[in-house]
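The values are calculated or read from the model by the stated rules, or taken from the named source; none is laboratory data. The model shown is predicted, which means the values in this text are computed figures rather than measured ones. Cβ placement follows ideal geometry from the backbone for every residue including glycine, while neighbour counts extend to all protein chains displayed.
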Amino acid sequence: MNKTVAVSFEESIVKVVHASFNKDILHVEKTTTVSLLDFDEYLKSEKASTFIICNSFRDSNHGIINIPWVKPKYIRSIVESEVRRSVDLKDLSFTFTILGEKIINNRKMLEVFYYAVSTEEINELVGRFYENGKAVKAVYAPPFAAAAMTAGQGDTEAGMGVFGIGSERVTFFTKNGSIYFIRSYETVDSYFGDYDIQNINMTISYCFQNIRINPSSVVLMGDIELSPSLSTLPTVPLASLLMGKAMDCDRDILNEFMLPAASCLVKTSYNLLNTEYRTLYMLKRYMHYASIVFVIMVVLFGGAIAYEADSISTKKESIEVARGIMTDVWGISEELTTNEVRLDKHTRLLEFLNRKEPDMTALLVAMSDAADKDLLYTELRATAKSGNFFSILIVGESTSESNAGTRKLLQGLVGRLDSMPGITVQNETVDIERRTFRVDLEYRNEE
């Protein structure tokens, strides 16, 4: 099972959930509530080394922006540029969701929801864990954790969720599994009463007018309790949160520890952890697994050494015998090497002397068969070439009295030579005035 520990910072307390995944189902195993003042002591004593954090940030910025339609690899850079123009934060960490496409002024645009917080606040939060020897896998904002609990519950329809963090109520709108709008307000009563209904109705009206979303229901999440003296109702039906198949825990536990439990289900794309801490987390995981492999190797080699130690005395005698044999073998090997060097020298000479060359006898016979009584050979030159063939030059004279006769005699000679096996005529020339000729050919004897 994949063990997970998630914490949720909720004003003066920190809620902790120990859970595990088995076949994509989250099983909540243990829950704890720790005072914020005592949290460092808790981290020092806690055996778990890696945590998921859900935190309500002091200064969060969120909204919808429109960016030009671009290739996916450029989207994050453009969103970051637009977010920096929209918020007053020098260093920020952010996440975003592409909601869809829009046509604005005849241009295709991408509609994007973003959520940005101060990097300084992230560092302050995460640094507390690393100072106590712990690692942080992810940091999520509460609305994204709560939205993960509604995933699959009418995703194609717009929905509204409401949950509480201490004295604060948080509302959010979702559609197709993505958050479109977030709003928080201070409560005046621990119960969910008329004041909350008024805020919900105003929020619904605002979203309908500005982002054209009207929820099909309002889902009450966590430990929110309805006031027994409600005198008004929201403009859409109220609904309670369904447990779903992805969560296995008691209903009362889920209501109280909804945010840390839900943090285990959030998509990693909503992780607000900055690049430096993500790299640090990956290095820590690598070192963890590397240390496990090292321990396993130590145990295996230790066992092998212990096993071999039992028979050292016996093997020592075998080694002495083997050493004597090896001395003889080395002497024979040296002598063999010396003989191989000598043999190599003679082998190269023999290979040169025995190299395969075309049989010139067959060529001379062929030239004799092709000869004509009116053609006289004055020069015959054969040059050996790489590739096991000869380049042959034939120079001669014609005794014919006419130019036409000389040409005819040469053509007959060339035709007879070219038709013979192993002979390929490369070129022939004739000097009419001197009645001399030259024939270049290649000769190969395949036998």
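Laid out as a table, the results:
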| quantity | calculated |
| --- | --- |
| Sole residue being surrounded by fewer than 16 Cβ atoms within 10 Å (Cβ to Cβ) and within 30 Å of the chain's Cα centre (by Cα), chosen from 80, 41, 11 | 80 |
| Matching residues, the range 158-211, being within 28 Å of residue 228 (Cα to Cα), in a helix (DSSP H, G or I) and among the hydrophobic types (A, V, I, L, M, F, W, C) | 197, 200, 202, 204 |
| From the options 361, 347, 383, residue that is exposed (fewer than 10 other Cβ atoms within 10 Å of the Cβ) and modelled with pLDDT under 80 | 361 |
| Residue that is surrounded by the most Cβ atoms within 10 Å (Cβ to Cβ), among those in the range 416-425 that are closer than 17 Å to residue 377 by Cβ and out of contact with any strand residue (DSSP E or B) (no Cβ under 6 Å at 6 or more places or on another chain) | 420 |
| Filter pass, residue 151 being touching a Phe, Trp or Tyr at 6+ places or on another chain (Cβ under 6 Å) and within 21 Å of residue 246 (Cβ to Cβ) | no |
| Scope the range 172-198; condition under 29 Å from residue 99 (Cα atoms) and surrounded by fewer than 19 Cβ atoms within 10 Å (Cβ to Cβ); matching residues | 176, 177, 178, 183, 184, 185, 186, 198 |
| Residue list for the range 221-241, filter: crowded, with 18+ Cβ neighbours inside 10 Å, under 15 Å from residue 195 (Cα atoms) and among the aliphatic types (A, V, I, L, M) | 224 |
| Residue check for residue 229: over 24 Å from residue 17 (Cα atoms) and either of a type in the set (Ser, Thr, Tyr) or outside any loop (DSSP other than H, G, I, E, B) (or both) | yes |
| Counted residues, the range 22-47 - those being within 21 Å of residue 148 (Cα to Cα) and in contact (Cβ under 8 Å) with a residue 60 or more places away in the chain | 6 |
| Enumeration of residues in the range 28-38 that are assigned to a strand (DSSP E or B) and surrounded by 11 or more Cβ atoms within 10 Å (Cβ to Cβ) | 28, 29, 31, 32, 33, 34, 35 |
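Matching residues to (1) among the basic types (Lys, Arg); (2) free of Cβ contacts under 8 Å to residues at least 40 places away in the same chain; (3) under 26 Å from residue 198 (Cβ atoms):
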| residue | (1), (2), (3) |
| --- | --- |
| 138 | no, no, no |
| 146 | no, no, yes |
| 149 | no, no, yes |
| 156 | no, yes, no |
| 159 | no, no, yes |
| 165 | no, no, yes |
| 173 | no, no, yes |
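Yes/no matrix, rows are residues, columns are (1) more than 27 Å from residue 77 (Cβ to Cβ); (2) of a type outside the set (Asp, Glu):
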| position | (1), (2) |
| --- | --- |
| 95 | no, yes |
| 98 | no, yes |
| 101 | no, no |
| 106 | no, yes |
| 117 | no, yes |
| 129 | yes, yes |
| 138 | no, yes |
| 141 | no, yes |
| 147 | no, yes |
